[in-house]
Amino acid sequence: MIKNLALLAILLISLAGCRLGSRAEELAALLRIAPVLLQAAPPSGPLPPEQWPPALKSLNPKSVYSRPEGIYIVTFSFFVEEEGLFLPRSPAFAPVPGGDPEYTRIVQGLYSYRLQG
């Protein structure tokens, strides 16, 4: 019984690692195209799905829009709440702690964000 539980735990950990590895690859691909995406995006407004490069489409966003501060990739939206990824236009971007949206740095040039409206 203990042997079976140990094997199950190892299997679950390895499957979780595969999922996280895949997500890391998707985010790395997004970072590679970020300079081109930021340059091509309008200063403000939606980016239509037909203009999304494959690295962006692979994230299955609900929508993507541009603002003067950067590009928002919406992965969750419910009424006025919103979550997703953020690509800042400026390398000097520094989020305000406790602000709305709230940003969490993933790596240099890529943040997750949460907008509570």
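The values are calculated or read from the model by the stated rules, or taken from the named source; none is laboratory data. These numbers come from a predicted model, not from an experiment. Virtual Cβ from ideal backbone geometry, glycine too; neighbours counted across all protein chains shown.
Give the range 74-117 a look and list any residue that's free of Cβ contacts under 8 Å to residues at least 40 places away in the same chain and aliphatic (A, V, I, L, M), or say none.
Val74, Val80, Ala92, Ala94, Val96, Leu115
How many of the residues making up the range 102-112 are assigned to a strand (DSSP E or B) and touching a helix residue (DSSP H, G or I) at 6+ places or on another chain (Cβ under 9 Å)? Even if it seems obvious, please write down each step before you answer.
Just the residues of the range 102-112 that are assigned to a strand (DSSP E or B), to begin with: 102-107, 110-112.
Next cut, touching a helix residue (DSSP H, G or I) at 6+ places or on another chain (Cβ under 9 Å) only: 106-107, 110.
Of the residues in that region, 3 qualify.
If you take the residues in the range 67-103 that are closer than 16 Å to Leu31 by Cα and among the hydroxyl-bearing types (Ser, Thr, Tyr), which one is modelled with the highest pLDDT?
Top of the filtered list is Tyr72.
For the range 32-45, state whether one or more residues are in contact (Cβ under 8 Å) with a residue 60 or more places away in the chain and either crowded, with 16+ Cβ neighbours inside 10 Å or not aromatic (Phe, Trp, Tyr) (or both). Outline the logic, then answer.
Taking the range 32-45 first, the residues in contact (Cβ under 8 Å) with a residue 60 or more places away in the chain are 34.
Okay, now just the ones that are also either crowded, with 16+ Cβ neighbours inside 10 Å or not aromatic (Phe, Trp, Tyr) (or both), so 34.
Yes, the range 32-45 has at least one match.
Looking only at residues that are surrounded by 10 or more Cβ atoms within 10 Å (Cβ to Cβ) and free of Cβ contacts under 8 Å to residues at least 12 places away in the same chain in the range 50-66, which one is farthest from Glu83 (Cα to Cα)?
For the range 50-66, the residue satisfying everything is Gln51.
List the strands (runs of 3 or more DSSP E) that sit entirely inside the range 22-101 and contain at least 3 residues that are among the β-branched types (Val, Ile, Thr) and within 18 Å of Arg114 (Cβ to Cβ). I'd like the intermediate steps shown before the answer.
Working: elements: 63-67, 70-78, 81-88.
Strands (runs of 3 or more DSSP E) meeting the threshold: 70-78.
Would you mind stating whether Gln108 is within 16 Å of the chain's Cα centre (by Cα) and either polar (S, T, N, Q) or surrounded by 11 or more Cβ atoms within 10 Å (Cβ to Cβ) (or both)?
So Gln108 passes the test.
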